[in-house]
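The values are calculated or read from the model by the stated rules, or taken from the named source; none is laboratory data. All values reported here derive from a predicted model rather than from experimental measurement. Heads up, the Cβs are rebuilt from the backbone with ideal geometry, glycines too, and the neighbour counts pull from every protein chain shown.
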Amino acid sequence: MSITVAGRLRGCGAPLDSIPVPLTDEPLADEPLTDDDKRELKTAAYGAVLMVAKADPGFFSMIKESFAASGAMAGSTGLVRDALTSGPQPRLPRRSAAEVEAVVLPALRRSVAILAAKSPADLGQYRETVLTAVRRVAAAAHGVHEAEAAAIEKIERALVIERALPEAPVESDE
């Protein structure tokens, strides 16, 4: 037996899907993340930071921004910290902001789906870590610029679980 809860993602007002919560005292058994899963989470998180940094580029700004982001990543705990701080660095496009965005937004959506399926208890912390990191990056050098705010908004939307709504019944003429 379970109940269903629903809520909103803090900060962007986007609705979260309904989540069934079992009515039991037993903890939920999470499925372990694979190395590929961890690589995806890391690519998405670091890519989101790069996406915001590229929105308002500057050499000295990037140095400040990288320190700001690393503090947010290192401040995470458990599975999220393990995924974000261990293993090789992700490979991300470096040329244009559009190339970075084309890789990062789908990676964020896949990361949310991975955690929703395998470790739902860690999903909120992952979202919060990524959003904290990108907000710190945007504020690190001369405050948040319009392009950075727009990039953060795209990242917030990508971090929301999106499921197709059931189709409305089709009325027939019969």
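For segment 119-128, which residues satisfy the criterion of being in a helix (DSSP H, G or I), among the small types (Gly, Ala, Ser) and in contact with a Leu (Cβ under 7 Å, 6 or more places away or on another chain)? Before the answer, list the steps.
Of the residues in segment 119-128, the ones in a helix (DSSP H, G or I) are 120-128.
Applying the additional criterion that residues be among the small types (Gly, Ala, Ser) yields 121, 124.
Hit for segment 119-128 is ALA121, nothing else.
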(message) Please count how many residues of segment 83-118 are part of a helix (DSSP H, G or I), touching an Asp or Glu at 6+ places or on another chain (Cβ under 8 Å) and not β-branched (Val, Ile, Thr).
(response) 8
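Quick check: anything in segment 135-144 surrounded by fewer than 12 Cβ atoms within 10 Å (Cβ to Cβ) and either at pLDDT 90 or above or over 21 Å from GLU31 (Cβ atoms) (or both)?
Start the filter on segment 135-144 by keeping residues that are surrounded by fewer than 12 Cβ atoms within 10 Å (Cβ to Cβ), which leaves 142-143.
Next, only the ones that are either at pLDDT 90 or above or over 21 Å from GLU31 (Cβ atoms) (or both) stay: 142-143.
Within segment 135-144 (the criterion being surrounded by fewer than 12 Cβ atoms within 10 Å (Cβ to Cβ) and either at pLDDT 90 or above or over 21 Å from GLU31 (Cβ atoms) (or both)), the answer is yes, since at least one residue qualifies.
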(message) Can you confirm whether GLU156 is more than 16 Å from the chain's Cα centre (by Cα) and among the charged types (D, E, K, R)?
(response) no
(request) Any chance you could count how many residues in segment 129-158 are more than 15 Å from SER70 (Cα to Cα) and part of a helix (DSSP H, G or I)? (result) 13
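Which ones in segment 117-134 are over 19 Å from GLY75 (Cβ atoms) and crowded, with 16+ Cβ neighbours inside 10 Å?
Of all residues in segment 117-134, those over 19 Å from GLY75 (Cβ atoms) come to 117-118, 120.
Passing the criteria: only LYS118.
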(request) Among the residues of segment 75-106, write down those that are under 14 Å from ASP35 (Cβ atoms) and of a type in the set (Asp, Glu). (result) ASP82
